[in-house]
Each structure stands twice: as structure tokens, then as C-alpha cells.
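Asker: Before I ask anything, let me first share the structure, which is written out below as C-alpha cells.
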Amino acid sequence: MNLPGIAEAQVTIVVVPRERFSYTRESLESIYEHTKYPFNLIYVDGGSPSHIRDYLVAQATEKKFQLIRTEHYLSPNRARNLGLQQVTSKYVVFIDNDVVVTPGWLEAMVECAEESGAAVVSPLICQYLPLHAEVHCAGGESGVRVETKGETTRRRIIEKIYKQGRQVADVRPQLQRQQTGLAEFHCMMVRTEIFEKIGFLDEALLNTKEHVDLCMLVTEAGSSIYLEPQSLVTYVPGPPLEWTDIHYYMLRWSDAWELASLKRLRDKWNLTEDEYFQNKYKRLGWRRDMTIVSPLTRKVPFGKIGARIAGKILRHMDKALNRYLTTRYAKRHLHNLQNQRSPQLVNAITATSES
């Protein structure tokens, strides 16, 4: 793989949109405030609103980082690949635009990679506010479990996150640097040379399980994944804080993108379509329901009956709007996926959106 790039440095940080734009300033400023280890930074801005766009342009000029801007929204792996194509450093850190870091976070991951030889290093990732208080991911498991019973063989996905929901103060003293089976794209450091073995990130995984796919590929390539708990970061999820977040949020967590991603994962790893997938199919759209529909429903001033009626109407509207947004986006911007390993992907997304 040819990865042309910017000035040489041992680490390049690639920031990409996760699900909204309204936390951009807090996240970026934390990186520059708390990172003393030398780094290059590439910021991938996929269609942010004008006030965020102007802020990033000003910051890129002031801090001299590389800004890659598209006028349309990007799926996460597409954004990461745009940044990765510019990387020439030994390591690349993928970090979402809603993550806040702590002092020493980058040094600890580099030290871990240098001493362990790991291809992927995960910090201790926290979630929500207050910052750095509740664990989101302290490593985990990923892979394929083969089960044979009689003449039936099933290939089942392994995906497990450790310590989620626990308090950092309770678990961090017990954690130590260790090999693990899972890292998440909220923040992870990757040895750049591994992409020579596994290729670029799979853009057919539009919005879910990209981290599982990467970890499985890294393990399959004979490389290791480590947790470094001395590196601490927090991702601050929505709900979207501004109206300018809503469109991207709805596309990012669309039914069509999630369904296409799950089917891509299933087919790529020859997985049995078991209860894991059936449960995922049943819950399509749960993030939009949790962050947009349900909060609006609770504001209806007509009691429980009124709330139920409003909820049904709003969920119907959400599904219709979501189909429209994803169909339009697929026709305008996903044509490049026709040349990937899943040539029917765009048609599948369009068909799902229109059904």
C-alpha cells in the first residue's frame, strides 16, 4: 500500500466525525492542551456546518495542522481512510471528534507499543460527563467462535467489552498494561505498517462493528492488541446539542447503514445469522429513538395516552425521513463503493431505504 503523506513524525493523530459536530471545539482544544508528545494532526471535516467549518479553518491556520474538508457527510471508515492516506508516520491515532484526552495520554500509548510491539493500543476509554469518571471500554474480546453439533456448524461473532459502566476510581488501580482482544475507534493507536497486511479500513462497514472487524483482521494477521490504562480519554456522546447536528446524526445512525454494515460483517466473516444478528435487526434505529424521538415524546403535554400517540406518529415520521435521507445520500455519494468488494452495496442500501 502506498501511503503518501505529510511531514515525518512518529505519531499522526487523525480526527474524524463520530455522530455530531457540536463538541468539536472541546475535543480539539483538549488534544492541544494535554498532548506534549510530538505529533502531526490531520482533521477530517465531513460536511460540518459553517460555524464549525470556519472554526476549523482558523485552527488549522493557527496550529498548522492538515484539514481535509468535504462538502458532504462521511461514514466513519471513509473519513478515517481519507486521513490514513496522508499518513507516513510510524503510528496513527484514530480519534473521534467528541473525545477529550488527559495529560500523558499519547506518551503512554507510544510507550506501550514500543515496549510490547503491539499493532493496536487502546487507552482506557470513559464515557459521559463528568469527564474521566465512568468506564466505557477497558479492552475486551473479538473473534469468531466455531460451534459444531452433529452435522451443523455455526460461526458466531465474539464481541465483549470489559468494565463498561464501572467507576474509574474503582477499577483503574486494578488495571495494568495487558494484551486484549478489542479496541474501539473512539480512540486507538495503530502501527501504520499493519495496513500493508490488512489493507485500508473497510468502507462497506458504514456505521457499526468497524472496530470489531479491524481487531479480527489484526489478530488474523498475527499481531497483538494491548490495553494501556495509563492512557485515559473520555468520549462524550450526544444527544445532538444543536439543530445542525440532526441531519448527520440521522444519517450516521440510519437503519439502512446499520443493516448494510451488519450484512457486510456477516458475509465477510461467513457468520451464522443467529440471534446476535436477529436482535440487531429488531433494534434498528434505537439510537435515533433514544436521542431524538423519545425526548420529544416526553414533552407532549397530554398525559400517557397523548405521549403514546405522539410517539407512534414521531416514530413513523422518523422512519420515513430516515429512508429519504439515506436513499438520497446513497445515490449522490456512495457510488465509489461500487468498486469495492461488495459491488451490490449501494443497491442494497437504496433498496433498504426505499422499502
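Asker: How many residues are closer than 11 Å to residue 14 by Cα and in contact with a strand residue (DSSP E or B) (Cβ under 7 Å, 6 or more places away or on another chain) when one looks only at segment 54-108?
Answerer: 18
Asker: Spot the failing condition for residue 277; the list is (1) surrounded by fewer than 23 Cβ atoms within 10 Å (Cβ to Cβ); (2) outside any strand (DSSP E or B); (3) assigned by TED's automatic domain parsing to the domain that holds residue 29, and only one is missed.
Answerer: For residue 277, the failing item is (3).
Asker: Okay, moving on. If you check residue 296 against the conditions, is it free of Cβ contacts under 8 Å to residues at least 24 places away in the same chain and in contact with a Leu (Cβ under 9 Å, 6 or more places away or on another chain)?
Answerer: It is true that residue 296 is free of Cβ contacts under 8 Å to residues at least 24 places away in the same chain and in contact with a Leu (Cβ under 9 Å, 6 or more places away or on another chain).
Condition check ((1) out of contact with any Leu (no Cβ under 7 Å at 6 or more places or on another chain); (2) modelled with pLDDT of 95 or more; (3) over 21 Å from residue 262 (Cβ atoms)) across all residues:
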site	(1), (2), (3)
186	yes, yes, no
193	yes, yes, yes
197	yes, yes, yes
202	yes, yes, no
205	no, yes, no
210	no, yes, no
213	no, yes, no
224	yes, yes, yes
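Asker: Additional query: Can you go through 124, 106 and tell me which one is touching a Leu at 6+ places or on another chain (Cβ under 7 Å) and not polar (S, T, N, Q)?
Answerer: Going through 124, 106 in turn, the sole match is 124.
Asker: May I ask you to list the residues in segment 246-271 that are out of contact with any helix residue (DSSP H, G or I) (no Cβ under 8 Å at 6 or more places or on another chain) and surrounded by fewer than 22 Cβ atoms within 10 Å (Cβ to Cβ)?
Answerer: Answer for segment 246-271, where residues must be out of contact with any helix residue (DSSP H, G or I) (no Cβ under 8 Å at 6 or more places or on another chain) and surrounded by fewer than 22 Cβ atoms within 10 Å (Cβ to Cβ): 267, 270.
Asker: Within segment 203-210, can one find any residue that is polar (S, T, N, Q), farther than 18 Å from residue 264 by Cα and touching a Pro at 6+ places or on another chain (Cβ under 8 Å)? Talk me through it step by step, then tell me what you get.
Answerer: The initial filter retains those residues of segment 203-210 that are polar (S, T, N, Q), namely 207-208.
Remaining after also requiring farther than 18 Å from residue 264 by Cα: none.
Checking segment 203-210: not a single residue is polar (S, T, N, Q), farther than 18 Å from residue 264 by Cα and touching a Pro at 6+ places or on another chain (Cβ under 8 Å).
Asker: Separate question: Can you name every one of the helices (runs of 4 or more DSSP H) wholly within segment 168-229 that holds 1 or more residues which are more than 21 Å from residue 85 (Cα to Cα) and over 20 Å from the mean Cα position of the chain (by Cα)?
Answerer: Qualifying helices (runs of 4 or more DSSP H): 168-171, 210-220.
Asker: Please work out if residue 183 is touching a helix residue (DSSP H, G or I) at 6+ places or on another chain (Cβ under 7 Å), closer than 15 Å to residue 136 by Cα and in contact (Cβ under 8 Å) with a residue 60 or more places away in the chain.
Answerer: Yes.
Asker: While we're here: Given the condition at pLDDT 95 or above, of a type in the set (D, E, K, R) and exposed (fewer than 13 other Cβ atoms within 10 Å of the Cβ), answer yes or no: does some residue in segment 285-306 qualify?
Answerer: no
Asker: With respect to the numbered conditions (1) buried (at least 18 other Cβ atoms within 10 Å of the Cβ); (2) under 26 Å from residue 329 (Cβ atoms); (3) not acidic (Asp, Glu), which one is the sole condition not fulfilled by residue 123?
Answerer: (2)
Asker: Do we find that residue 223 is assigned by TED's automatic domain parsing to the domain that holds residue 76, touching a helix residue (DSSP H, G or I) at 6+ places or on another chain (Cβ under 9 Å), surrounded by 22 or more Cβ atoms within 10 Å (Cβ to Cβ) and hydroxyl-bearing (Ser, Thr, Tyr) in this structure?
Answerer: On the way: assigned by TED's automatic domain parsing to the domain that holds residue 76: yes; touching a helix residue (DSSP H, G or I) at 6+ places or on another chain (Cβ under 9 Å): yes; surrounded by 22 or more Cβ atoms within 10 Å (Cβ to Cβ): no; hydroxyl-bearing (Ser, Thr, Tyr): yes.
Answer is no for this residue.
The values are calculated or read from the model by the stated rules, or taken from the named source; none is laboratory data. These figures come from a predicted structure and were not determined experimentally. Positions of Cβ are generated from backbone atoms using ideal geometry, with glycine treated the same way; all protein chains shown enter the neighbour counts.
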